[in-house]
1. Taking H placed 1.01 Å from N in the peptide plane, check which residues at least 5 places from Leu65 or on another chain put their amide H under 5 Å from its amide H.
2. So what are the radius of gyration and Dmax for the Cα set of the stretch 75-145, in Å?
3. In whole Hz, with x marking every Gly and Pro, tabulate ³J(HN,Hα) for the stretch 63-78 from phi via Karplus 6.51 cos²θ - 1.76 cosθ + 1.60, θ = phi - 60°.
4. Give me the distance between the Cα centres of the stretch 66-107 and the stretch 129-143, rounded to whole Å.
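Please treat every number below as a calculation from the coordinates, not as lab data. Just so it is clear, the structure is predicted and the values come from calculations on it, not from any experiment.
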Amino acid sequence: MSDTPHTLDLTATEAAPEIVLSENELAMPAARPGELVLPEDEQDDELGLPKDAVRLADGRIRLPLKYPRSLIVRIGAAAGKSETYDALTMRRLNGLDRKEAQSKPEDQMTMVLAARSAGMRLDLFNALWEQMDAEDVVRVERVIGHFLGLGRRTGR
């Protein structure tokens with residue numbers, strides 16, 4: 001297995017951009033256990049989360065993207081496969097996640113935290129992040145803020 005450089009090919013003829021990944025690492029699939037929907041009065045105000053965010057029984061948060069994005073993912077020399085991202089399932093962060101983010105330039109720290117929270121390879125998530133609608137980027141940042149204890153407080 002060769003370690004092919006990670007590139008995003010914007011000259012692809014398909015509608016979706018193409019990203020080339022090395023053969024050594026594959027994207028981690030997001031598990032989907034039973035969903036536990038927060039009551040309407042606990043959403044947004046108490047937690048600082050988008051109203052359509054869903055808290056899963058294990059504490060992860062599933063965030064639907066308002067503007068789904070597709071990438072053509074090619075691993076090594078294999079043919080590209082279109083992958084559509086319509087939601088991100090994000091887990092709570094830990095010390096290693098913070099350490100990894102802090103080792104990156106400051107303008108990449110939030111993106112690194114989001115990639116680690118979503119369980120995605122950094123190169124793949126970076127390509128997705130760059131293609132995401134700005135509103136969805138802000139929504140992801142709100143989930144990260146929630147995990148870091150930066151969510152809205154009501155004084156209750």
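1. Residues meeting the criterion, in which the H sits 1.01 Å from N, are Ala87, Leu88.
2. Radius of gyration, then largest Cα-Cα span, for the stretch 75-145: 12.7, 38 Å.
3. Taking θ as phi minus 60°, the curve returns 10, x, 8, 5, 10, x, 10, 10, 10, 9, 9, 10, 9, x, 8, 5 Hz for the stretch 63-78.
4. 12 Å
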